[in-house]
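The values are calculated or read from the model by the stated rules, or taken from the named source; none is laboratory data. These figures come from a predicted structure and were not determined experimentally. Because the Cβ atoms are built from the backbone with ideal geometry, glycine has one as well, and the counts that use them run over all protein chains shown. Note: areas computed on protein heavy atoms with side chains; ligands, DNA, RNA excluded. Shrake-Rupley method; radii C 1.70, N 1.55, O 1.52, S 1.80 Å.
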Amino acid sequence: MIDLSNLNLQQKAAVTTTDGPLLVLAGAGSGKTKVLTFRIGYLLDTGLASPQSIIAVTFTNKAAGEMKERLVSLLNKSNININIHDLKWIGTFHSVCVKILKQYGHLIGINPKFSIYDSQDQLMAIKIAMDNLKISTKELIPKVVLSNISMAKNNYVSFIKYKHLAYGYFQTKVADIYEEYQKVLKQNNAVDFDDILFFTLELLNKEGSVLSNLQNLFKYILIDEYQDTNHVQYLLANLLAQKYRNICCVGDDDQSIYSFRGATLSNIISFEQDYPEAKIIKLEQNYRSTKTILQASYDVISKNKNRKEKKLWTENSDGEKIYVYQSYDENDESEWIAQQIRIILNKGGNLSDVCILYRANAQSRSVEEGLLRNGIPYKIVGATRFYDRKEIKDIISYLKVVQNPSDFNSLSRIINVPRRNIGDKSLIELQEISYKLNGEVFDLSCLRKEDLPNKYHDFLLTYNDLLSKLNELYLSEYIEFLCNRVGYMEMLNDGTTEGSARIENLKELFSLATNYNFGKASETLGSFLDDIGLFEDFSDEQDYFNNSQKVTLMTVHASKGLEFDHVFIVGMEENLFPHSNSTSEEDIQEERRLAYVAITRAKKCLYITVAFNRTYFGKKQRNPVSRFLKDISLDLINVYSSEFIENDFLNLSNNKIFDNERAKLMLKVGNKVKHPYFGEGIVKDCDLDVVVVDFGNEYGTKELLLEYVNLELILK
């Protein structure tokens, strides 16, 4: 028999409650994976199920692989021999659905030898569909079209239904492309990732015999990370569970942070409505963090309204208080972080025990430079180092060509970015023309319009414009001008999350360049490029030594499921965390869950930083302290300040960011106001809690919470 003695009472109940629907609310660090593994092992050990009659789905191949390995190890220790290949129905939603489609897909016209298109393949198919319909990629951005089609599929909306629901010019065009896109996929015997789930659901809805077979086969259904399921996954799970109703969903509504991927929080919130006979078990004992960290996380998450109440507790010690550092600026902030890491090392800690979290990738730049200056090795998870990111390398290459017209390698990188139909053969031709005019030294600045074929004229005009502005603009202004003049910003502004993140990275490059605004760009560009080159060399040297002991850097989104002894949360300020894009109450609740995830990554020590001044997106700004930091009880934190700051500028003892009554008196219908992200707008309505502002054609009308909104009243 499997030994259950190492499980606590709630874990044991979750493992042994086998009949009927069960919702396991598993708080951070409460042993969720252990419970899932033991539950499957218990079902097999007691003979309640065979490996073929258990379907267990999770969200990554890695998680599924680890679950299988742990299960085989658990069963082998109990003298139950089982092969990992017998566990064919433990996997991701997509891998399980592929197996179903391969076996039964022919019944709805799907060839079992279908290819699965990745994101690049999908984008190519979208462009082919648009070309077939004679819709220009300048008229509609392919990535935006694909994103809308993906969202439709995640909500189980076919192209036929989409056509009926389409409203306005954009949706009508997307509906046409959606239909043509599916034809292109069909012609190539291909499906995309969304189709895998969509067609499986179609199959079950249309073929009653298949649904009946699978319902009879899957006696027990287990779903991991249920808070991250989308609508199609929800429908699939409920269809398969209709016969036996032995469905066990494990998750944590407080860690639902992927709405941008289509995750639907209501799936876990409404579980009891779907299954009135369901049992609810809460895993609230935390094995990861100190009492102080857990109380801080509860102080933050308990402010959310749309959640199932639970409070983590632990038998661990109180631990150290939370370190909050009020820095002068982002450079002071990164130096303090490096100093604290040195202290951790001096106390016997390891670099691999340290993680630095930030809300947006663009924030990594100042942190990376601080670590490099102090010789602290680091690695970035889920992203590329700042200076290695494509958009940064591209713009630096543009700057190098401006600074050094003989840099043919840099020219080769960017002459066709954005696309100008200048390929490798054309580049060789350009090089040969230059050699004829200047000898064996390439020199772009010596080339004239009359020397070149027509295909180079637009680029030459652009290049000359870039040269002409060197003496007029400061470096940060110049780089922004360059990004717009060459069409790079327009290229990135495609309406996708990826495009927005890349634009943020470029704006962070503008921020860095403000440090060189002591003279015009013609005077400072060389120093700027030299300093960047030194940083690149330094980081390459660190990689050469391949030191496995490195600090980990990542976004909070990427950190879910991980844990570290020492966690730094950088820039816990309004407009950063919560992000400036978060304006509705629903957005803020997800940002609060994101803060909860960040805090609960820490096992021993938590460090939070805020800055008095922060150069972000090329401009100096002063952000109010994050409402999430102000939610944490003062007796849980120790506040430290830069020597350049005389007072507690963040006023952490003031746990009210905005006075509702004062705001109500100040704001009236017709008032002109300014928002840090949406710009200027007109107040359309205002009550005790909410102000409604019209921000014009670009952003439209927004409902903003008065308690937290950062509005500036524009006086006439």
**residue 177 within 24 Å of residue 494 (Cβ to Cβ) and among the β-branched types (Val, Ile, Thr)** = yes
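Residues checked against (1) basic (Lys, Arg); (2) open to solvent by 10 Å² or more (accessible area, probe 1.4 Å); (3) closer than 20 Å to residue 236 by Cβ; (4) without any contact (Cβ under 8 Å) to a residue 40 or more places away in the chain:
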| position | (1), (2), (3), (4) |
| --- | --- |
| 161 | yes, yes, yes, yes |
| 169 | no, yes, no, yes |
| 181 | no, no, no, no |
| 188 | no, yes, no, no |
| 197 | no, no, yes, no |
| 206 | yes, yes, yes, no |
| 213 | no, yes, yes, yes |
**Asked** Would the stretch 545-559 turn up any residue that is modelled with pLDDT of 85 or more and small (Gly, Ala, Ser)?
**Response** yes
**Request:** Among the residues of the stretch 473-494, count how many are open to solvent by 70 Å² or more (accessible area, probe 1.4 Å), touching a residue at least 24 places away in the same chain (Cβ under 8 Å) and of a type outside the set (Asp, Glu).
**Result:** 2
**Request:** Please indicate, with yes or no, whether at least one residue in the stretch 79-98 is modelled with pLDDT of 85 or more, polar (S, T, N, Q) and more than 23 Å from residue 7 (Cα to Cα).
**Result:** yes
**Message:** Of everything in the stretch 21-50, what is touching a strand residue (DSSP E or B) at 6+ places or on another chain (Cβ under 7 Å) and open to solvent by 20 Å² or more (accessible area, probe 1.4 Å)? Give them in sequence order.
**Reply:** 31, 32
**Prompt:** Which of the residues spanning the stretch 520-534 are open to solvent by less than 10 Å² (accessible area, probe 1.4 Å) and at pLDDT 85 or above?
**Reply:** 521, 524, 525, 528
**Request:** Given the conditions (1) open to solvent by less than 20 Å² (accessible area, probe 1.4 Å); (2) in contact with a strand residue (DSSP E or B) (Cβ under 6 Å, 6 or more places away or on another chain); (3) over 29 Å from residue 265 (Cα atoms), report the number of the one that residue 608 does not fulfil.
**Result:** (3)
**Message:** Which residue is farthest from residue 565 (Cα to Cα), if the candidates are limited to the stretch 286-300 and must be open to solvent by less than 20 Å² (accessible area, probe 1.4 Å) and outside any helix (DSSP H, G or I)?
**Reply:** 286
**Message:** Given the criteria open to solvent by 10 Å² or more (accessible area, probe 1.4 Å), of a type in the set (S, T, N, Q), at pLDDT below 90 and farther than 23 Å from residue 253 by Cα, does residue 581 qualify?
**Reply:** no
**Prompt:** Going through the stretch 427-472 one residue at a time, which ones are in a helix (DSSP H, G or I), of a type in the set (A, V, I, L, M, F, W, C) and either within 28 Å of residue 524 (Cβ to Cβ) or touching a residue at least 24 places away in the same chain (Cβ under 8 Å) (or both)?
**Reply:** 430, 444, 446, 459, 460, 461, 466, 467
**Prompt:** Out of all the residues in the stretch 227-257, which are surrounded by fewer than 21 Cβ atoms within 10 Å (Cβ to Cβ) and assigned to a loop (DSSP other than H, G, I, E, B)?
**Reply:** 242, 243, 244, 245
**Prompt:** Pick from the stretch 3-42 the residues that are among the basic types (Lys, Arg) and in contact with a helix residue (DSSP H, G or I) (Cβ under 8 Å, 6 or more places away or on another chain): which of them is nearest to residue 297 (Cα to Cα)?
**Reply:** 34
**Prompt:** So which residues in the stretch 671-691 are hydrophobic (A, V, I, L, M, F, W, C), at pLDDT 85 or above and open to solvent by 30 Å² or more (accessible area, probe 1.4 Å), if there are any at all?
**Reply:** 682
**Item:** Condition broken by residue 309, with the remaining ones in (1) modelled with pLDDT under 95; (2) of a type in the set (Asp, Glu); (3) farther than 30 Å from residue 584 by Cβ; (4) open to solvent by 50 Å² or more (accessible area, probe 1.4 Å) satisfied
**Value:** (3)
**Prompt:** Being of a type outside the set (Lys, Arg), more than 30 Å from residue 598 (Cα to Cα) and not in a loop (DSSP other than H, G, I, E, B), is that true of even one residue in the stretch 2-19?
**Reply:** yes
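Residue-by-condition table, conditions (1) of a type in the set (Asp, Glu); (2) in contact with a Ser or Thr (Cβ under 9 Å, 6 or more places away or on another chain); (3) over 19 Å from residue 398 (Cβ atoms); (4) at pLDDT 80 or above:
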position: 428; (1), (2), (3), (4): no, no, yes, yes
position: 432; (1), (2), (3), (4): yes, no, yes, yes
position: 441; (1), (2), (3), (4): no, yes, yes, no
position: 449; (1), (2), (3), (4): no, no, yes, yes
position: 457; (1), (2), (3), (4): no, no, no, yes
position: 471; (1), (2), (3), (4): no, yes, no, yes
**Prompt:** Would you pick out the residues in the stretch 504-524 that are part of a helix (DSSP H, G or I), free of Cβ contacts under 8 Å to residues at least 60 places away in the same chain and among the hydrophobic types (A, V, I, L, M, F, W, C)?
**Reply:** 521
**Asked** If you check residue 567 against the conditions, is it touching a strand residue (DSSP E or B) at 6+ places or on another chain (Cβ under 8 Å) and open to solvent by less than 20 Å² (accessible area, probe 1.4 Å)?
**Response** yes
